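Here the structure is laid out as structure tokens; the discussion comes afterwards.
The values are calculated or read from the model by the stated rules, or taken from the named source; none is laboratory data. Here the structure is a predicted model, which is why all the values come from computation and not from measurement. No Cβ is skipped: glycine too gets one built from the backbone with ideal geometry, and neighbour counts run over all protein chains shown. All accessible areas refer to the heavy atoms of the entire protein, side chains included, with ligands and DNA or RNA removed. Shrake-Rupley method; radii C 1.70, N 1.55, O 1.52, S 1.80 Å.
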Amino acid sequence: MRMLHRLCTLFVVAVVLTASGCRPASKGESGAEITNPRDFSYPLTAGKYTVVNVFTDDKDHPKAKANAQDALTANPDIKVMVGLWAYNPPMIYEALKSSGKVDEVKIVGFDEDDATLDAIKDGHIVATVVQQPFAFGYKSVELLAAMSRGADVKFPGDKLYTPTKVIRANNVDEFRAEIENIRAGKGTRPPLHFEKQDTSKPVRLAFLTNSPDDFWKLAEYGCKLAAKDFHVTCKFDMPTGLSAGQKQYIEDYITEKYDGLAMSVIDPKGQTEIINRACEKMNVITQDADAPNSNRKFYVGTSNYMAGRQAGKLVKEACPEGGKVAIFVGVLDVLNAQERALGVIHELMDKDIPAEFAEQSQ
């Protein structure tokens, strides 16, 4: 059985967050719970490791590379760099090449950027934790279509999780073959929840990303296939301008009376009002990055905290003796960034996995 088929058939539905939207936390020096990694004091001692900082770049690729170069300059003895958004590992790799330290610093990645996969095959990146953007797109369209046609769609904990996978040199070719199948329009459909729908009712849906990144192209293939399968139209938008860019699209969907929206939320606190406005007019779900305190129906995507723990295990594997670690991500206002970084840090600290995640160890 092909690997992506195994990924798509292993959907996990579980209770992970309470209705209040609380997340796994650490204690700061004051005893207050820390859920956003920016609130730690850096450098941070994490067991045998020292996390020098969590660097953000506002989705600016040159800045992402500069961040890695700056981290190297300030910490010439750094051991591992962790890139948590799709473009971060390639930018880290470029910085290491420019600094002549490709063979001295290990890279742990996230997602399946072509440059990341090339570097894994060549032995320059240890591994990458991959998600299922194709499934994000397909399931979002399937479930929104079902709701628009009257189905009562609910999941325990308001979450439908898709598992992640670690891609290394020994399975990168197989994984790339599956990616090429998706790009050729031959992606494997994930298991269906609502295969039979009243397709006579027209439905207009929208899928809103958080940026115009190559990561989202795989989600677009999923949306297109599901739109064909369930006889709906789906507008696929990749905005620029962070949350301000998303707001204009959402206002347009409201004005144009769309039936459903699946969005990757950039700022869960700052966007609650506009999300709730959309919820008054259409079915809204989140995918990739959540806004648990909004009125959205549910979330479809990765268990980002557990994916962070998975990346943390790769850091330990790459550097079992300990040492300095730098973490890189786009924006820490985004919930998936917070949870991934927190998962990495907790894994390096050897903290117990919170009970709500214990059955989802990856």
(message) Being surrounded by fewer than 24 Cβ atoms within 10 Å (Cβ to Cβ) and of a type in the set (A, V, I, L, M) is the filter here; which residues of the stretch 261-274 pass it?
(response) 274
(message) Take residue 221 and tell me if it is open to solvent by 60 Å² or more (accessible area, probe 1.4 Å), closer than 24 Å to residue 130 by Cβ and of a type in the set (Phe, Trp, Tyr).
(response) yes
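How many residues, within the stretch 36-61, are in a strand (DSSP E or B) and either within 10 Å of residue 345 (Cβ to Cβ) or modelled with pLDDT under 95 (or both)?
Residues that pass the stated criteria total 5.
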(message) Out of the strands (runs of 3 or more DSSP E) lying entirely within the stretch 134-212, which hold 3 or more residues that are open to solvent by less than 20 Å² (accessible area, probe 1.4 Å)?
(response) 159-161, 204-208
(message) Of everything in the stretch 78-98, what is in a helix (DSSP H, G or I) and either closer than 25 Å to residue 309 by Cβ or open to solvent by less than 10 Å² (accessible area, probe 1.4 Å) (or both)? Give them in sequence order.
(response) 88, 89, 90, 91, 92, 93, 95, 96
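How many of the residues making up the stretch 99-111 are farther than 18 Å from residue 309 by Cα and under 18 Å from the mean Cα position of the chain (by Cα)?
Residues that pass the stated criteria total 0.
If you check residue 215 against the conditions, is it within 22 Å of residue 159 (Cβ to Cβ), within 19 Å of the chain's Cα centre (by Cα) and modelled with pLDDT under 95? Lay out the reasoning, then the answer.
On the way: within 22 Å of residue 159 (Cβ to Cβ): yes; within 19 Å of the chain's Cα centre (by Cα): yes; modelled with pLDDT under 95: yes.
Answer is yes for this residue.
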(message) Please verify whether residue 303 is surrounded by 19 or more Cβ atoms within 10 Å (Cβ to Cβ), without any contact (Cβ under 8 Å) to a residue 40 or more places away in the chain and polar (S, T, N, Q), treating the condition exactly as stated.
(response) no
(request) Please work out which one of (1) open to solvent by less than 10 Å² (accessible area, probe 1.4 Å); (2) of a type in the set (Val, Ile, Thr); (3) modelled with pLDDT under 95 is the condition residue 125 fails and give its number. (result) (3)
(request) Report, ordered by the first and then the second residue, all pairs with beta carbons closer than 7 Å, sequence separation of six or more or different chains, a first member in the stretch 136-161 that is within 12 Å of residue 287 (Cα to Cα), and a second member that is among the charged types (D, E, K, R) and open to solvent by 10 Å² or more (accessible area, probe 1.4 Å). (result) 137/220; 138/189
(request) Please state which one of 253, 249 is at pLDDT 95 or above and either open to solvent by less than 10 Å² (accessible area, probe 1.4 Å) or within 24 Å of residue 155 (Cβ to Cβ) (or both). (result) 253
(message) Checking the conditions here, which among 101, 106 is open to solvent by 40 Å² or more (accessible area, probe 1.4 Å) and modelled with pLDDT of 95 or more?
(response) 106
(request) Just give me the residues in the stretch 39-77 being open to solvent by less than 60 Å² (accessible area, probe 1.4 Å), without any contact (Cβ under 8 Å) to a residue 60 or more places away in the chain and out of contact with any helix residue (DSSP H, G or I) (no Cβ under 9 Å at 6 or more places or on another chain), in sequence order. (result) 42
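Could you count how many residues in the stretch 120-135 are farther than 20 Å from residue 316 by Cβ and either in contact (Cβ under 8 Å) with a residue 24 or more places away in the chain or in contact with a Gly (Cβ under 6 Å, 6 or more places away or on another chain) (or both)? Working first, answer last.
The first filter runs over the stretch 120-135 and keeps only residues farther than 20 Å from residue 316 by Cβ, leaving 121-122, 131-135.
Then drop every residue that is not either in contact (Cβ under 8 Å) with a residue 24 or more places away in the chain or in contact with a Gly (Cβ under 6 Å, 6 or more places away or on another chain) (or both), which leaves 121, 131-135.
Matching residues across the stretch 120-135 total 6.
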(message) Can you report the number of residues in the stretch 311-331 which are open to solvent by 10 Å² or more (accessible area, probe 1.4 Å) and closer than 22 Å to residue 264 by Cα?
(response) 1
